[in-house]
Amino acid sequence: MAKVPKTITASEPIEEVKKITEPIGQKNVAGIQINPAIEDTLTARVDQSYVDNCYVEASIVKMLGFSGAVYENEDTATTDDPRRFETSSKKLRDLIIQVSGNDQLFGNVTNQRYKVAVGEAIGFTRVDLSLLYFKNAAAGQNGTVNILGVEE
Amino acid sequence: MTEELLKRVADSLERIAENYPERESIRFFAADTDIVTAGTSLTVTFLLNWRHFRIKVSELYADARTDVNYEWFFAGSYYNFNEVTFDFGKKAVEDAYHEIKLVISNTGAVDQEVGYYVKGWAVAKES
């Protein structure tokens, strides 16, 4: 310091000196950010923010019931009757279906009219797999259906 | 001509009286030194005894240190420097701003010892 300070005396026009130490990041009397926080503090804030976001995300996931588990299956026709992968409810968030062997028709329990040819694939989201039916497109021509999806 | 000259001299003396310490002025030099811990800010508030003094501040000073920022608040003004000098003195406003605030922020990772002072003059009010 270029100029040596001296102790304040009570008799001077400055009658009192108050001192407050605070972590950086506080706002000053004008409501302005005093200055950028030190790097560690910022990192800690980012980390905390990340943790908070993860917590929120986990909560949302929990509410939506998204497990993230991969579902895969294969079914080859032995008859011309409609068939399905699951007999009880199995909800998938996303799925891809690929047909091999022979063409297959897809639909619901009543009608299967959407044709997927051999080597082709279809994909859609949010379906209860127990409600998806498929069958051979041509009588006697057994085909195979492969499915890969993500469970809710 | 003489009257005009006298008036100019009188005006000049009045300005000098306003802007410079008088014979009976009290020169004050309020200073201290503190260690500002890394990652913290130290707010120093100088309360002015404006009820008993007419106060003029001539200098606000704090040691310049690495990774340390300074903010002075005085008479409704804000100075983002470690050192502020008023050649003719700056009058302390006798209202809500009857204080001088210094915020020393240490953004570094090392504690810093910072000396600071407020310098000026004051004239005692007649009671």
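Values in this text are rule-based calculations from the coordinates and carry no lab data. None of these values were measured; they are calculated from a predicted model.
Overview of results
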| quantity | calculated |
| --- | --- |
| Within chain B, helix-based [θ] at 222 nm, where runs of 4 or more DSSP H residues each add -39,500 (n - 2.57), nearest 500 | -5000 deg cm²/dmol |
| Relative contact order of chain B, pairs being alpha-carbon contacts under 8 Å that are 6 or more residues apart, as % | 41 percent |
| Among B:99, B:22, B:71, residue whose mean-square fluctuation peaks in a GNM of chain B (springs only between Cα atoms under 10 Å) | B:22 |
| Listed residue pairs exceeding 20 Å between alpha carbons, taken from B:91/B:125; A:90/A:115; B:7/B:90; A:19/B:91; A:115/A:135; A:19/B:125 | A:90/A:115; B:7/B:90; A:19/B:91; A:19/B:125 |
| Amide proton proximity set for residue B:50, modelled H, under 5 Å, gap of 5+ | none |
| Acute angle (nearest 10 degrees) that the helix B:2-19 long axis makes with the longest principal axis of chain B, alpha-carbon atoms | 20 degrees |
